[in-house]
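Colleague: This is the structure, below, for whatever I ask next.
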């Protein structure tokens, strides 16, 4: 007999805002025992009003990861549903990005994700049930300029997830990729600000200025989907007996990936990306 979701325990990382917050609220509304984790605990206080448990989590700190999972395990035996949402995008040219910042982005977006996933797998494997949802991006399938290190982490999570999905399938544990496109959140402002700081005054300044204008524009805000759209996808993924290996949302994101495939060659995709972003062909 299948255990109902109302008897499952979920951990959502990066839950202090945006997509992570929306997924935590959705799971709690479904009756799932839900833990929200992030560095900024003060920004998750309101989640407690919805019956959500709040825990501190720093994915660059092994002790923090261990303590987060240990607290849940002590109370419930383990984590049944893991949503790896924590991550960020520090934009800037590959040439100018400080290597310390590049390494930190890889540490958070890839190694931190892998570390907390490894901690919850034994419980899922032993009970022969589990859901691991890795929130990547359409930027893990198609890359754009000035986000090289961010895209590298998302492409890596795609590959890691594909391998892990095949490893855990014999134990009835599902690994699912969720690829958001533009979503209303702090992400674009943070990425744009960092990009301007790193590359705004250098040889790439003209292109970076155009991309910064796009990231902070009303046009992009109108295109961006609500975080609830990704919560809808997460709900479908954990509710399905056999979820898809990957979901893309909102609709505009699916269209972008479809157009990219339709264009075929990298040269055409690059030209299309430059045109959409308003980037100069020569500098």
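The values are calculated or read from the model by the stated rules, or taken from the named source; none is laboratory data. The shown structure was predicted, so the numbers you read here are calculated from the model rather than taken from an experiment. So basically every Cβ, Gly included, is an ideal-geometry build from the backbone, and we count neighbours across all protein chains shown.
Results for (1) within 27 Å of residue 176 (Cβ to Cβ); (2) under 21 Å from the mean Cα position of the chain (by Cα); (3) modelled with pLDDT under 95, shown as yes or no for each residue.
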residue: 216; (1), (2), (3): no, yes, yes
residue: 224; (1), (2), (3): yes, yes, yes
residue: 236; (1), (2), (3): yes, yes, no
residue: 244; (1), (2), (3): yes, yes, no
residue: 248; (1), (2), (3): yes, yes, no
residue: 258; (1), (2), (3): yes, yes, yes
residue: 264; (1), (2), (3): no, no, yes
residue: 280; (1), (2), (3): no, no, yes
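Colleague: Given the conditions (1) surrounded by 22 or more Cβ atoms within 10 Å (Cβ to Cβ); (2) modelled with pLDDT under 95, and given that residue 161 satisfies all but one, which numbered condition is not satisfied?
Modeller: Unmet for residue 161, out of (1) surrounded by 22 or more Cβ atoms within 10 Å (Cβ to Cβ); (2) modelled with pLDDT under 95: (2).
Colleague: Follow-up question, since we're still on this one. When you scan region 93-105, do you find a residue that is touching a helix residue (DSSP H, G or I) at 6+ places or on another chain (Cβ under 8 Å) and closer than 25 Å to residue 235 by Cβ, even just one?
Modeller: Scanning region 93-105, I find no residue that is touching a helix residue (DSSP H, G or I) at 6+ places or on another chain (Cβ under 8 Å) and closer than 25 Å to residue 235 by Cβ, so the answer is no.
Colleague: Is it true that some residue in region 261-279 is over 17 Å from residue 147 (Cα atoms) and in contact (Cβ under 8 Å) with a residue 24 or more places away in the chain?
Modeller: The answer is no; no qualifying residue exists.
Colleague: State yes or no: is residue 45 more than 21 Å from the chain's Cα centre (by Cα) and more than 28 Å from residue 165 (Cβ to Cβ)?
Modeller: yes
Colleague: Quick one: would you say residue 132 is assigned to a helix (DSSP H, G or I) and touching a residue at least 24 places away in the same chain (Cβ under 8 Å)?
Modeller: When the stated conditions are applied, residue 132 does not pass them.
Colleague: A follow-up question, please. With (1) surrounded by fewer than 24 Cβ atoms within 10 Å (Cβ to Cβ); (2) more than 30 Å from residue 195 (Cβ to Cβ); (3) under 20 Å from the mean Cα position of the chain (by Cα) as the list, and residue 90 as the residue in question, which single condition is left unmet?
Modeller: (2)
Colleague: Output the number of the condition that residue 143 fails; it satisfies all remaining conditions of (1) out of contact with any strand residue (DSSP E or B) (no Cβ under 8 Å at 6 or more places or on another chain); (2) free of Cβ contacts under 8 Å to residues at least 60 places away in the same chain; (3) part of a helix (DSSP H, G or I).
Modeller: Of the numbered conditions (1) out of contact with any strand residue (DSSP E or B) (no Cβ under 8 Å at 6 or more places or on another chain); (2) free of Cβ contacts under 8 Å to residues at least 60 places away in the same chain; (3) part of a helix (DSSP H, G or I), the odd one out for residue 143 is (3).
Colleague: While we're on this one: Can you list the strands (runs of 3 or more DSSP E) found entirely within region 1-74 that contain at least 1 residues being without any contact (Cβ under 8 Å) to a residue 60 or more places away in the chain?
Modeller: Output list reads 33-38, 53-56.
Colleague: Restricting to region 161-188, and then to whatever is touching a residue at least 40 places away in the same chain (Cβ under 8 Å), assigned to a helix (DSSP H, G or I) and more than 25 Å from residue 254 (Cβ to Cβ), can you tell me which residue is farthest from the chain's Cα centre (by Cα)?
Modeller: Only one residue tops the list, namely 171.
Colleague: Let me ask another. When you check residue 268 against the structure, is it crowded, with 16+ Cβ neighbours inside 10 Å and assigned to a helix (DSSP H, G or I), yes or no?
Modeller: No.
Colleague: Is it the case, given these coordinates, that residue 113 is in contact (Cβ under 8 Å) with a residue 24 or more places away in the chain, surrounded by 20 or more Cβ atoms within 10 Å (Cβ to Cβ), in a helix (DSSP H, G or I) and within 18 Å of the chain's Cα centre (by Cα)?
Modeller: yes
Colleague: Pull up region 194-240, narrow it to residues that are outside any helix (DSSP H, G or I) and free of Cβ contacts under 8 Å to residues at least 40 places away in the same chain, then point me to the one that is nearest to residue 175 (Cα to Cα).
Modeller: Taking the candidates together, the pick is 240.
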